[in-house]
1. Taking the stretch 33-75 only, how many residues are farther than 25 Å from V106 by Cβ and of a type outside the set (V, I, T)?
2. For the stretch 1-39, give me each residue that is assigned to a loop (DSSP other than H, G, I, E, B) and either surrounded by 10 or more Cβ atoms within 10 Å (Cβ to Cβ) or of a type in the set (A, V, I, L, M, F, W, C) (or both).
3. Consider E42 against the criteria (1) more than 19 Å from C70 (Cβ to Cβ); (2) acidic (D, E); (3) surrounded by 13 or more Cβ atoms within 10 Å (Cβ to Cβ): it satisfies all of them except one. Which criterion is unmet?
4. For the list (1) in contact (Cβ under 8 Å) with a residue 12 or more places away in the chain; (2) closer than 30 Å to M96 by Cα; (3) touching an Asp or Glu at 6+ places or on another chain (Cβ under 8 Å), I need the number of the one condition that F62 fails.
5. Just to be sure before I move on: is T22 of a type in the set (S, T, Y), farther than 29 Å from D102 by Cα and outside the structural domain of T103 (by TED's automatic domain parsing) in the structure I sent?
Amino acid sequence: MVHDRASGVFVPVFYVLSTSRTADSYWDMIHFIVQATDQQIEPAEIVCDFEAALMDSLQTQFPNAIVLGCLFHMKQALRRAMKRYAIPEEECLIAMTHGVLDTLTVIQHDHIERGIKWVKREIKRRCA
């Protein structure tokens, strides 16, 4: 996606469909995009799924870019994990509410442990 400054909208530029999720296939797909843009693409930030192979391939092809995991995909993975650990639905819904689990994405790394404790307390408080 690119940001169209005139409209303020993010516009998809490439769609890549693949059944492969290997580092080599991600590298090839990203390299194709670089070649298709005549090597004119130089992103400052890249937001993607939390797949290590994808993130590594992006960082290799765009060493000056900041590669970030997507909040939607993070919450989707966390919800699946909560279900796997049989966390009650009410607690899952509270955790997914804006301002609960997603707060962990905006606090300093050295405060994450404290943030997790806050999330647990907040879920218990809202369940009461």
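The values are calculated or read from the model by the stated rules, or taken from the named source; none is laboratory data. Just so it is clear, the structure is predicted and the values come from calculations on it, not from any experiment. Reconstructed Cβ throughout: ideal geometry from the backbone, glycine too, with neighbour counts over all protein chains shown.
1. Residues that pass the stated criteria total 10.
2. Correct list: M1, A6, V13, F14, V16, L17, S18, S20, R21, T22, T37.
3. All conditions pass for E42, except number (3).
4. Unmet condition: (2).
5. So T22 fails the test.
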